Every structure is written in structure tokens, then in C-alpha cells.
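Peer 1: The following block contains the structure, expressed as C-alpha cells.
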Amino acid sequence: DSGVTQTPKHLITATGQRVTLRCSPRSGDLSVYWYQQSLDQGLQFLIQYYNGEERAKGNILERFSAQQFPDLHSELNLSSLELGDSALYFCASSVYDSTDTQYFGPGTRLTVL
Amino acid sequence: GENVEQHPSTLSVQEGDSAVIKCTYSDSASNYFPWYKQELGKGPQLIIDIRSNVGEKKDQRIAVTLNKTAKHFSLHITETQPEDSAVYFCAATQDNNNDMRFGAGTRLTVKP
């Protein structure tokens, strides 16, 4: 158990819909990272928040957004969903930045029908 | 940006043999190289990491080597066991750049 929690574990929805994925980091970690894992793209970095502020952006679509709240939990919002958004979404946390050990959560499997 | 290539994509070994997975990176500024193990239905789990000021690091049956000049790093697993079967990912990142890039993964199968 990494100490990072993610909900829900599974999510099935239809094209055009909007969903919210939730992540709670390990106690003491200030940074939260979101990753997308698909069969054809592998593990891709989406976005990082540090202590409530956006710190870095990767290959995140404009339809996707995230935020980190004062209690340090984070949410990833995916809107206008397309079939190609079906993937595993992982949250990870670390103390400060990406050169600190990142601990991954169990992931949310999103299926868009 | 950084590009990480990982080989082989699949690796099958007999229990007790050694397994080696290799990665190359493109950005000479990268200075942190973690390795993750991902079991079916789970998130990636860090198994070992190395920083650019070190050439080799070992933790029991697992070791990682780094060649900064050639820009490649390798994972070595000795005395493999069936529970080592999983997908292994290498990654590279650097200070003040939080876009960690992952290799495509190696599916390791250890046959009893």
C-alpha cells in the first residue's frame, strides 16, 4: 500500500459526458501528479500540483483540468469525453518535485462507451 | 523534450536466472532515473532509483547502473523468482522539470 488513495476504482460513462477523479496523497506529500496509461501511449504525465498551485503541465488536453485543494487532495476533471479517453488514470504524490520518490495510487479505470 | 526508450518489450527467463532491462534517454540534463514495477491491476511501484552522481546502486537482488556518457541505464535482477513477473518501467526526469518521461515498459515473465 503506497498511501495514495484514488476513487473511484472503475468508471463507465458515455461519450460527451464529464467525470471527476479524486486523489488523496500520502501524508506529508505536497505534490500531486496525474498520469494517463493507455495501451498505445504508455504512461504519460498530464499535470502536477504543488501545495495547491499548478507546477507543471504535460500532455494534458484542454478538455481536461485539475485542481488541488487546501487539504492537498486533488481532482482531475475530464469533459466532453471521447472513446479515446478510455484509459487508466493514476495519481502519484511526492514530497516536493519529480526528483523525489513518487508513490502511485491504485488508479481509476475509465471506460468511455 | 526528453525521450526514453526501453528494451526489450518482453523478456522471459527461467527461475533463478538473471534479467536485464535497458533504457536510453536523450536529454543530458536528466539526473534522476527511477524504475517501477507494475503488477496486474495495480499502480506502478518504485523498486529502485539512481541519481546522476552515482554509477551503480544495489538493493538485495536488484541493481541499477547508469552510464551518463552513453545516456543509458539498466536494471539487473538476479536470482529471479516467479513473483518478479510484472511489467517494469524505466523513467527519467530532472530538477525543476516535473515532466517525468517513461519507457514503454518490459513485460518480464519468470518461469518456475
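Peer 1: Would a scan of region B:5-12 turn up a residue that is under 25 Å from residue B:96 (Cα atoms) and within 11 Å of chain A (Cβ to nearest Cβ)?
Peer 2: Of region B:5-12, the ones under 25 Å from residue B:96 (Cα atoms) are B:5-6.
If we keep only those that are within 11 Å of chain A (Cβ to nearest Cβ) too, we end up with B:6.
For region B:5-12, residues under 25 Å from residue B:96 (Cα atoms) and within 11 Å of chain A (Cβ to nearest Cβ): present.
Peer 1: Identify, please: which residue in region B:71-93 is in contact (Cβ under 8 Å) with a residue 40 or more places away in the chain and part of a loop (DSSP other than H, G, I, E, B) and is, among those, nearest to residue B:24 (Cα to Cα)? Lay out the reasoning, then the answer.
Peer 2: Within region B:71-93, the first condition is being in contact (Cβ under 8 Å) with a residue 40 or more places away in the chain, and the residues that meet it are B:71-82, B:84, B:86-93.
With part of a loop (DSSP other than H, G, I, E, B) added as a condition, the list becomes B:71, B:78-81.
Details: B:71: 6, B:78: 21, B:79: 25, B:80: 23, B:81: 26 Å.
The selected residue is B:71.
Peer 1: Give me the residue from region B:94-112 that is farther than 13 Å from residue A:44 by Cα, assigned to a strand (DSSP E or B) and within 8 Å of another protein chain (Cβ to nearest Cβ) and, out of that set, nearest to the chain's Cα centre (by Cα). Steps first, answer last, please.
Peer 2: Taking region B:94-112 and keeping what is farther than 13 Å from residue A:44 by Cα, we get B:94-97, B:106-112.
Subsequent filtering for residues that are assigned to a strand (DSSP E or B) retains B:94, B:97, B:106-111.
Right, trim to within 8 Å of another protein chain (Cβ to nearest Cβ) and you get B:94, B:97.
Working: B:94: 16, B:97: 20 Å.
Step by step, filter region B:94-112, then rank; the result is B:94.
Peer 1: If a residue must be surrounded by 14 or more Cβ atoms within 10 Å (Cβ to Cβ), closer than 26 Å to residue B:42 by Cβ and either modelled with pLDDT under 95 or small (Gly, Ala, Ser) (or both), how many such residues does region A:62-94 contain?
Peer 2: Residues that pass the stated criteria total 7.
Peer 1: Would you check if there is a residue in region A:25-35 being over 20 Å from residue B:98 (Cα atoms) and either open to solvent by 30 Å² or more (accessible area, probe 1.4 Å) or at pLDDT 95 or above (or both)? Explain how you work it out, then say what you get.
Peer 2: Taking region A:25-35 and keeping what is over 20 Å from residue B:98 (Cα atoms), we get A:27.
With the extra rule that they be either open to solvent by 30 Å² or more (accessible area, probe 1.4 Å) or at pLDDT 95 or above (or both), the set shrinks to A:27.
Yes, there is a match, as at least one residue in region A:25-35 is over 20 Å from residue B:98 (Cα atoms) and either open to solvent by 30 Å² or more (accessible area, probe 1.4 Å) or at pLDDT 95 or above (or both).
Peer 1: Now for a separate question. Say we look at region A:36-61 and pick out the residues that are assigned to a loop (DSSP other than H, G, I, E, B) and crowded, with 16+ Cβ neighbours inside 10 Å; which of these is farthest from the other protein chains (Cβ to nearest Cβ)? Reasoning before the result, please.
Peer 2: First pass over region A:36-61, keeping only residues assigned to a loop (DSSP other than H, G, I, E, B): A:39-41, A:51-52, A:58-61.
Adding the requirement that they be crowded, with 16+ Cβ neighbours inside 10 Å leaves A:58, A:60.
Details: A:58: 5, A:60: 11 Å.
Looking at the filtered set, the residue picked out is A:60.
Peer 1: Answer yes or no as to whether residue A:110 is at pLDDT below 95, in a strand (DSSP E or B) and aliphatic (A, V, I, L, M). Quick ask: steps written out before the conclusion?
Peer 2: On the way: at pLDDT below 95: no; in a strand (DSSP E or B): yes; aliphatic (A, V, I, L, M): yes.
So residue A:110 fails the test.
Peer 1: I would also like to ask the following. Which strands (runs of 3 or more DSSP E) sit wholly inside region B:18-66 and have at least 3 residues that are surrounded by 21 or more Cβ atoms within 10 Å (Cβ to Cβ) and either under 14 Å from the mean Cα position of the chain (by Cα) or aliphatic (A, V, I, L, M) (or both)?
Peer 2: Values: elements: B:19-25, B:32-38, B:45-51, B:56-59.
Ranges flagged: B:19-25, B:32-38.
Peer 1: Residues of region B:58-70 being within 21 Å of residue B:24 (Cα to Cα) and either touching a Pro at 6+ places or on another chain (Cβ under 9 Å) or not polar (S, T, N, Q) (or both), which ones? Reasoning before the result, please.
Peer 2: Step one: filter region B:58-70 for residues within 21 Å of residue B:24 (Cα to Cα), giving B:58, B:62-70.
Once the filter is applied, which keeps residues that are within 21 Å of residue B:24 (Cα to Cα) and either touching a Pro at 6+ places or on another chain (Cβ under 9 Å) or not polar (S, T, N, Q) (or both), region B:58-70 yields B:58, B:62, B:63, B:64, B:66, B:68, B:70.
Peer 1: Something else: When you look at residue A:92, is it more than 13 Å from chain B (Cβ to nearest Cβ) and closer than 21 Å to residue B:96 by Cα, yes or no? Talk me through it step by step, then tell me what you get.
Peer 2: Details: more than 13 Å from chain B (Cβ to nearest Cβ): no; closer than 21 Å to residue B:96 by Cα: yes.
Answer is no for this residue.
Peer 1: Contact list please: Cβ distance under 6 Å, first residue in region B:20-32 and touching a residue at least 12 places away in the same chain (Cβ under 8 Å), second residue crowded, with 23+ Cβ neighbours inside 10 Å and assigned to a loop (DSSP other than H, G, I, E, B), pairs at least six apart or on different chains.
Peer 2: Going by the 6 Å Cβ cut-off, the qualifying pairs are B:23/B:103.
Peer 1: Further question: Out of B:17, B:49, B:59, which single residue is touching a residue at least 40 places away in the same chain (Cβ under 8 Å) and not aromatic (Phe, Trp, Tyr)? Give the steps one after another, and end with the answer.
Peer 2: Numbers: B:49 fails: touching a residue at least 40 places away in the same chain (Cβ under 8 Å); B:59 fails: touching a residue at least 40 places away in the same chain (Cβ under 8 Å).
Of B:17, B:49, B:59, the one residue that is touching a residue at least 40 places away in the same chain (Cβ under 8 Å) and not aromatic (Phe, Trp, Tyr) is B:17.
The values are calculated or read from the model by the stated rules, or taken from the named source; none is laboratory data. In this text, all values refer to a predicted model and were calculated from it rather than measured experimentally. Quick reminder, even Gly has a Cβ in these numbers, built from the backbone with ideal geometry, and neighbours come from all protein chains shown. Please note that ligands, DNA and RNA were not included when accessible areas were found on the heavy atoms of the full protein model with its side chains. Shrake-Rupley method; radii C 1.70, N 1.55, O 1.52, S 1.80 Å.
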